[in-house]
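Working notes, beginning with the structure itself.
The values are calculated or read from the model by the stated rules, or taken from the named source; none is laboratory data. Quick caveat: nothing in here was measured; it's all calculated off a predicted structure. Cβ coordinates were reconstructed from backbone atoms using ideal geometry, including for glycine residues, and neighbour counts include every protein chain displayed. With ligands, DNA and RNA removed, areas are computed over all heavy atoms of the protein, side chains included. Shrake-Rupley method; radii C 1.70, N 1.55, O 1.52, S 1.80 Å.
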Amino acid sequence: MENYRVSARRACAVIQFRRSSLQFKSRRRDDSVIRKRIKEIAQVRVRYGYQRIYVLLRREGWRDNHKRVYRVYCEEGLHLRSKRPRRNRAAAHRLERPQLSSIHQCWSMDFVADQLFDGRKIRALTIVDNYSRQCVAIHVGQSLKGDDVVAVMNQLKEIHLAMPERIQVDNGSEFISKALDLWAYDNGVTLDFSRPGKPTDNPFIESFNGSFRDECLNAHWFLSLEDAREKIEAWRQEYNSFRPHSSLGGRTPDEAGMGIERRTNERPVLNL
């Protein structure tokens, strides 16, 4: 129409295009009200998909069709629910992770594998406070199970006289065990499981494990299990009280967590 200076009628006739389509203007209505209601239903009925939510909306008198409900359902990310481990009572259900504002609000746990000088395998349970980046504990053993994780958490409860509101973990067998689930349920702690194949769901512990392996595990030969525990504990204390952390503006995790320049007293060593 601009190049040949012709009318809309002539241009549409040449390219066989309907003039009604040319003049169409989308009149998409505001979805904020139904969007809010869908989120409310999804938070209460955590195992309902969009089809059941659509039926509930129809019962309440909403006239929106299933296509609009599905579009809003997907835009809100409700279809990306993390699979909750079976029979777990303390697992998180499709909840937004809150902004961290204090220590002991959210911890992260994971396992790191290594070996002694003679090839015997060892494993380390690493626990990090996500707010202060403080390494709460590193427990080293050769065969760690869900009961060992519970024992570590009970000792940390005695040391700190507090427990986190939420613990971010992956779907490893130790973390989906009945022993840990029962402990979390009894202590009012929510287990926040990462989605399978999504290590970015738990970035704090992944970053810490990278530093742990690079600065400690790859820098030492471990002659025995006790030697590994001593060297790893020494590195943990140095990490907390001396090593500057880039995400904390050059402060140490102890300074960020305690609000003082440097904490001189050492943490108790876990003896399990």
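Conditions first: (1) surrounded by 14 or more Cβ atoms within 10 Å (Cβ to Cβ); (2) modelled with pLDDT under 95; (3) under 21 Å from Gly197 (Cβ atoms). Thr126 passes all but one, so which condition is the exception?
For Thr126, the failing item is (2).
Tally the residues that are more than 15 Å from Phe208 (Cβ to Cβ), of a type outside the set (D, E, K, R) and under 23 Å from the mean Cα position of the chain (by Cα), restricting the search to region 114-150.
4
Hey, can you tell me all the residues within region 242-272 that are modelled with pLDDT of 80 or more, part of a helix (DSSP H, G or I) and surrounded by fewer than 19 Cβ atoms within 10 Å (Cβ to Cβ)?
Ser247, Leu248, listed by residue number.
Select from region 208-226 the residues that are open to solvent by less than 60 Å² (accessible area, probe 1.4 Å) and touching a residue at least 60 places away in the same chain (Cβ under 8 Å) and list them in ascending order.
The answer is Phe208, Asn209, Phe212, Leu217, Phe222, Ser224, Leu225.
State whether the residues of region 86-93 include one that is at negative phi, modelled with pLDDT of 90 or more and of a type in the set (S, T, N, Q).
no
Here are some conditions: (1) open to solvent by less than 70 Å² (accessible area, probe 1.4 Å); (2) in a loop (DSSP other than H, G, I, E, B); (3) in contact with a Gly (Cβ under 8 Å, 6 or more places away or on another chain). Tyr131 meets all but one. Which one does it not meet?
(1)
Can you tell me which residue in region 95-123 is modelled with the lowest pLDDT, limited to those that are loosely packed, with under 13 Cβ neighbours inside 10 Å and under 20 Å from Asn187 (Cα atoms)?
Going through the qualifying residues, I end up with Leu95.
In the list Ile205, Ile167, Ile232, which residue meets the criterion of being surrounded by 14 or more Cβ atoms within 10 Å (Cβ to Cβ), at pLDDT 90 or above and not in a helix (DSSP H, G or I)?
Of Ile205, Ile167, Ile232, the one residue that is surrounded by 14 or more Cβ atoms within 10 Å (Cβ to Cβ), at pLDDT 90 or above and not in a helix (DSSP H, G or I) is Ile167.
Just give me the residues in region 171-199 being under 13 Å from the mean Cα position of the chain (by Cα) and open to solvent by 30 Å² or more (accessible area, probe 1.4 Å), in sequence order.
Selection gives Asn171, Thr190, Arg195, Pro196, Gly197, Lys198, Pro199.
Touching a residue at least 12 places away in the same chain (Cβ under 8 Å), assigned by the TED database to the domain that holds Asp114 and within 14 Å of the chain's Cα centre (by Cα): is that true of Gln168 in this structure?
yes
Which residues, counting only those in region 20-70, are of a type in the set (Gly, Ala, Ser), in a helix (DSSP H, G or I) and surrounded by fewer than 10 Cβ atoms within 10 Å (Cβ to Cβ)?
Of everything in region 20-70, those that are of a type in the set (Gly, Ala, Ser), in a helix (DSSP H, G or I) and surrounded by fewer than 10 Cβ atoms within 10 Å (Cβ to Cβ) turn out to be Ser20, Ser21, Ser32.
Going by what's in this entry, would Ser207 be described as in the same structural domain as His139 (by the TED database), out of contact with any Asp or Glu (no Cβ under 9 Å at 6 or more places or on another chain) and at negative phi?
Spelling it out, Ser207 is indeed in the same structural domain as His139 (by the TED database), out of contact with any Asp or Glu (no Cβ under 9 Å at 6 or more places or on another chain) and at negative phi.
Looking only at residues that are among the hydroxyl-bearing types (Ser, Thr, Tyr) and farther than 20 Å from Ala137 by Cα in region 178-202, which one is modelled with the lowest pLDDT?
Among those residues, the one meeting the criterion is Thr200.
For a quick check of your reading of the model, give me the residue pairs whose first member lies in region 14-43 and is farther than 15 Å from Arg58 by Cα and at pLDDT 80 or above, whose second is open to solvent by 100 Å² or more (accessible area, probe 1.4 Å) and of a type outside the set (Asp, Glu), with beta-carbon atoms closer than 7 Å and at least 6 apart or on different chains.
Hits for this filter: Arg19/Arg9.
Where residues in region 150-164 are in contact with a helix residue (DSSP H, G or I) (Cβ under 7 Å, 6 or more places away or on another chain) and open to solvent by 10 Å² or more (accessible area, probe 1.4 Å), which of them is farthest from Leu125 (Cα to Cα)?
Once the filter is applied, the top-ranked residue is Met163.
Please go through (1) in a helix (DSSP H, G or I); (2) surrounded by 21 or more Cβ atoms within 10 Å (Cβ to Cβ); (3) in contact with a helix residue (DSSP H, G or I) (Cβ under 7 Å, 6 or more places away or on another chain) for Asp147 and return the number of the only condition it doesn't satisfy.
(2)
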